[in-house]
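Note sheet for the following structure.
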Amino acid sequence: MRKRKAARRKKPYPDRSGKNISQEEQFRLLVEGAEQYAMLLLDEDNLITFWSRGAKKLFGWSSEQAKGKKGDIIFTPEDRKAGKEKKEFDTARREGCAVDRRWHMHKDGSRVFVDGLLLVLKDPDTRETRGFAKICRDASEHHDASEALRRAHAELEQRVAERTKELDKINAALKREIERRKALEREIVAVTERERERISQDLHDTVCQELSATAILLKSHAKNIEADNPKCAESLEEAAQSVNQNVGLARDLARNLRPFDFLPGGLISALRRLATRTNKKVPCRCDCSQGIQVRDRNISVNLYRIAQEAVNNSLKHAEASHIIIGVQRRDNALVLYIRDDGAGFQPSKKGRGLGIHLMTYRADVVDGKLSIDTRPGRGTTITCQVPLRCSRDPLSVH
């Protein structure tokens, strides 16, 4: 049986022409015909025992020149110095094969990037190591393309990093400019409030006093000439009454210009006083929680001025019959709202007046957002929402 099997193995294999090809010829065709692959055999002492035509094509040495030489002739000097060849053989002995993917030397001194394997050859019966086989191919073009891609990727990463750094600088500069402008806006508002205070003081201490003195003087003259000239006395009396009315108007104007934070209670107290004054003209309710005290003067001043402007608009333009002023804390924000049942308007068809611009400006100064909800015949609600910073919460809630 064994002889018949052996005879069957040795039976030649016919090629396309019908001629029989021996196993030796088949092996030669396999090894020598695949010229794009370098195939070489090494014994256990790392001496070359077989050198294929593909090996000559890849490394330059002929079979006669390579046989008997050590396999490290194809390794670069730095790899030989680093012991890469020994590590490759140790890996092959331990795992059965070792990846060979590195630069190798050509006979003419040039270098070629190789991709291949070092395989352990063992006797099929005894499983003893008989030698090693190295099979590899030229991967220089693939390596060059990979390196070009890597360099392009690294260059792109560098450009992205540089551009990101530039954008970070621009963004930082923009943030500084925004902060500078916000600080300038706050200073403008502060100057405006100081000027309001000065004008309010002048109105109260000078204009109102002078008008009051004028009214007293007119009444005195009217009394002095009443017996001789009753008509002139009556005219002077009417003039005195008109002056007194103007004194009341001047005092109201001074009160509106007066910085509210000099009053007890701060923002909430000032809004309640605003509602009380407004209630003399139309019903006005203040829905401000007593549990909220605004410590930040800048926020308090601007919210109060927004409420003042909104109430004035409701009285002058909307012809409202009822007004509500409210302050509440909603999530992490302070919310001021002024609601009326007036005529309303169509925002898309009505230009933004100076009052709305001023309210929007004051909302921006405190990092707030002003919104207007209005429709013709449905009234108007003006809301200003100011975010509260955790690090400097301007509220004290009891």
Original post:
Of (1) open to solvent by 50 Å² or more (accessible area, probe 1.4 Å); (2) in contact (Cβ under 8 Å) with a residue 24 or more places away in the chain, Leu203 satisfies all except one. Which?
Top reply: (1)
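Okay, residues lined up against (1) modelled with pLDDT under 80; (2) surrounded by 13 or more Cβ atoms within 10 Å (Cβ to Cβ); (3) farther than 28 Å from Asp367 by Cα; (4) within 50 Å of the chain's Cα centre (by Cα):
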{"position": "Val189", "(1), (2), (3), (4)": "yes, yes, no, yes"}
{"position": "Thr192", "(1), (2), (3), (4)": "yes, yes, no, yes"}
{"position": "Glu195", "(1), (2), (3), (4)": "yes, no, no, yes"}
{"position": "Ala213", "(1), (2), (3), (4)": "no, no, yes, no"}
{"position": "Leu217", "(1), (2), (3), (4)": "no, yes, yes, no"}
{"position": "Glu237", "(1), (2), (3), (4)": "no, yes, yes, no"}
{"position": "Ala254", "(1), (2), (3), (4)": "yes, yes, yes, yes"}
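From Ala38, Ala55, which residue is in contact with a helix residue (DSSP H, G or I) (Cβ under 8 Å, 6 or more places away or on another chain), open to solvent by less than 20 Å² (accessible area, probe 1.4 Å), part of a helix (DSSP H, G or I) and closer than 18 Å to Asp115 by Cβ?
Working: Ala38 fails: part of a helix (DSSP H, G or I).
Ala55 is the lone residue from the list that is in contact with a helix residue (DSSP H, G or I) (Cβ under 8 Å, 6 or more places away or on another chain), open to solvent by less than 20 Å² (accessible area, probe 1.4 Å), part of a helix (DSSP H, G or I) and closer than 18 Å to Asp115 by Cβ.
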**OP:** Go through the range 291-323 and count every residue that is free of Cβ contacts under 8 Å to residues at least 40 places away in the same chain and either assigned to a loop (DSSP other than H, G, I, E, B) or more than 36 Å from the chain's Cα centre (by Cα) (or both).
**Re:** 6
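Inside the range 104-116, can you point out the residues that are surrounded by fewer than 15 Cβ atoms within 10 Å (Cβ to Cβ) and either charged (D, E, K, R) or in a strand (DSSP E or B) (or both)?
First, the residues of the range 104-116 that are surrounded by fewer than 15 Cβ atoms within 10 Å (Cβ to Cβ): 106-111.
Scanning the range 104-116 gives Lys107, Asp108, Arg111.
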Original post:
Which residue out of Tyr337, Tyr361 is of a type in the set (Phe, Trp, Tyr), open to solvent by less than 70 Å² (accessible area, probe 1.4 Å) and either free of Cβ contacts under 8 Å to residues at least 12 places away in the same chain or within 20 Å of Gln385 (Cα to Cα) (or both)?
Top reply: Tyr337
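For the range 126-147, enumerate the residues that are assigned to a helix (DSSP H, G or I), under 24 Å from Val31 (Cα atoms) and not small (Gly, Ala, Ser).
Of all residues in the range 126-147, those assigned to a helix (DSSP H, G or I) come to 140-147.
Of the ones still in play, those that are also under 24 Å from Val31 (Cα atoms) are 140-142.
Across the range 126-147, the qualifying residues are Glu141, His142.
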Original post:
So Ala227 clears everything in (1) under 15 Å from Arg251 (Cα atoms); (2) among the aliphatic types (A, V, I, L, M); (3) open to solvent by 50 Å² or more (accessible area, probe 1.4 Å) except one condition, right? Which one?
Top reply: (1)
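For Gly83, state whether it is without any contact (Cβ under 8 Å) to a residue 40 or more places away in the chain and either within 19 Å of Asn46 (Cβ to Cβ) or surrounded by fewer than 15 Cβ atoms within 10 Å (Cβ to Cβ) (or both). Spell out the reasoning first.
Working: without any contact (Cβ under 8 Å) to a residue 40 or more places away in the chain: yes; either within 19 Å of Asn46 (Cβ to Cβ) or surrounded by fewer than 15 Cβ atoms within 10 Å (Cβ to Cβ) (or both): yes.
Criteria met by Gly83.
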Subject >> Residues of the range 58-68 satisfying the condition of being in contact (Cβ under 8 Å) with a residue 12 or more places away in the chain and either open to solvent by 90 Å² or more (accessible area, probe 1.4 Å) or touching a helix residue (DSSP H, G or I) at 6+ places or on another chain (Cβ under 8 Å) (or both) >> reply: Phe59, Trp61, Ser63, Ala66, Lys67
**OP:** Name, by its number, the condition in (1) more than 27 Å from Leu58 (Cα to Cα); (2) touching a residue at least 40 places away in the same chain (Cβ under 8 Å) that does not hold for Asp138.
**Re:** (1)
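The values are calculated or read from the model by the stated rules, or taken from the named source; none is laboratory data. Model, not experiment: these values are computed from the prediction. Here Cβ is always computed from backbone atoms with ideal geometry, including for glycine, and neighbour counts include all displayed protein chains. These area figures cover heavy atoms from the full protein model, side chains too; ligands, DNA and RNA do not enter into them. Shrake-Rupley method; radii C 1.70, N 1.55, O 1.52, S 1.80 Å.
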